[in-house]
C-alpha cells in the first residue's frame, strides 16, 4: 500500500479583520450564533443527531450553556430548506452546574427514531425521539459517578444485535484512570452497564470515543477510545476494541503518541466507514511535535487502513506546515460526496482564526485538501469542534458541522461539499499487509499448549513474542535477526507455546497477546489460557 507523508500549508489567506467566511468547495447551508446574551457558551457541544422525529431527514443539535439555565440542547430539524429556527429545546433539570460537554444521537430504544443524549453536570440525559419531536423533559437520567466536564459519549451497535448501544466515557474516574461503560440498546433501556472497560495508571481512559464503523470487516461495529495521558510523559494512546456478542475488555489494537505531552486521544478521533467493511482510523494530536507547553504546535493527523491484522504504521500522515497551524483540534468523518467511503474532516487553529478541512477519499489516498472553510477573524477559532452533521437536506450526502470559539457569538456552521467527486471504484485496501500474516492460535482457549502459525513473504528482522494484558513481555518465541528469502519465495511456519515465560515458569490463567513483528511493522492477536 502507499504511504503518504506531506506538509500542507494551512495558512492561505493574509491576516486581516473581516466578518466574511472564506470557503473552498464548501457551501454554507446553516449558520447560527448565540441565541441570546444569557447563553455564554454556545456550541459547547455540537452533533449530528440522526432522524429524531422520523421524517426522513437527519437533524442537528447544538448545546448552549448559561449560569441560570444550565446546559440545553437546541435541535434544528433537517429539511430541503434547512433553517436556523430550533424545532425543540430541552427545558428541564439540566439547569445547574455543568457545561454540557458531550452530545450525541442514536436509536438506543429501537423504535426507529434517533434519540438525543446529553451530558451535563456530570449526568447523562436521554430524550427519546418520536414523531412530532421528543418531550422537552428527559425520559431517562443517569445518576452515576460521572465527573462534570470529564465525560464523552458515542453510540454504535457493538454487540451486533441490530440495536444501537450507548457508550459513556468517564475519563476522570478513579482520580484519572478513567473507564468506559457500554449500555446495550433495548426497548426497555437498562442503565446497568453490559460491559465496563477500565483504564490504568492515570491515563484518562475515555478521553474521546467513537463507535461509528466496522474496522476488521466482521460486520459488527468497533470502539475507538482515547487515553490522553497514557505513559508517564502524557504522550497519550488510542485503543481499538472489536465489537461482538462476546466483546471483551482487552484492546485489539493500539497506537501510542509520538512525544511528551502530545496528549494523543484527547480530541475526538473517528472510524471512517467503508463499503467493504474495513473502516479506517483517523486521529491525531493538536500538540505535535513540541507538546502542550511548547510553542511548536504544527499538529498532526494520521490515517490507518482497516482490515485483519492492522499494523501501527500510518497509511497517510498530514502535518501542519507551520508551528502555529494547530492541525487536529478535532477529527471526524462524513460521506460528503457520492463516493463509496467516508471522507476525512478535521479542524485547525490557524493562530486563532481557525479552519475546517476536508479530504475526499481516493483509491490512493493523498493529502491534497478537497475543501476548507476559514474563520471570520482572529480569535474565531473555527474548527475547534468538528462533527458529521448527517444528511440534513436529504440529498444523499452527509454534511459537516463546524463550531467556533469566538468571544462574541460563537458561530456554528453546517456546510455541504461542492467539489470534485472522490472514490467511485472499489477501495484499494481491501487486502492489507500481504507481506506477512499471523493466524489465530489453536486450540484457543488452551490449557497446556497452543500452536501459532505465521507466513512471511519478505526478508527482514522477525520477532514473535507473547505479552500479558499490561504489555509486559512474557515469552519470546522467535527472534530471528536475519530471514534471508529469495525473490518470489516465502516462509510459512508454526511454533508452539507451552504457557511458560522466559524463565520457564508457568504463567497464570488469563488473556495474553501475541505479536508478530517484521522490521517496523507488526500484527497482534489475543489468546486465552485456562488451566
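What's the ranking of 212-220, 384-392, 153-161 by average number of surrounding C-beta atoms within 10 Å, highest first?
Ranking the peptides 212-220, 384-392, 153-161 by packing returns 384-392, 153-161, 212-220.
How would 310, 174 line up from fewest to most surrounding beta-carbon atoms within 10 angstrom?
174, 310
Nearest-5 percent of antiparallel DSSP beta bridges in the chain?
95 percent
What translational D, rounded to a whole number of µm²/s, comes out for the chain from Stokes-Einstein when the hydrodynamic radius is the Kirkwood one over Cα pairs, at 25 °C and 0.890 mPa s?
Reported coefficient: 103 µm²/s.
Hey, for a label at residue 174 modelled as a point 7 Å past Cα toward Cβ, could you say which residues of the range 230-268 have their backbone N under 12 Å away?
What the label zone holds, given the 12 Å backbone N cut-off, is no residue at all.
Taking other Cβ within 10 Å of each residue's Cβ, how do 421, 266 sort, fewest first?
Fewest-to-most Cβ neighbours within 10 Å comes out as 421, 266.
What number, in percent, do you get for the relative contact order of the range 131-262 if the mean sequence gap of Cα pairs under 8 Å and at least 6 apart is divided by its residue count?
19 percent
Using Cα pairs closer than 8 Å and at least 6 residues apart in sequence, work out the relative contact order for the chain, in percent.
12 percent
Using every Cα-Cα pair within the range 110-239, state what percent have a distance larger than 18 Å.
So the pairs more than 18 Å apart make up 55 percent of the total in the range 110-239.
What order do you get for 123-135, 38-50 when each peptide is scored by the mean count of other beta carbon atoms within 10 Å, highest first?
The packing order, highest mean first, is 38-50, 123-135.
Values in this text are rule-based calculations from the coordinates and carry no lab data. In this text, all values refer to a predicted model and were calculated from it rather than measured experimentally. Cβ: placed from backbone, ideal geometry, glycine included. Neighbour counts: every protein chain shown.
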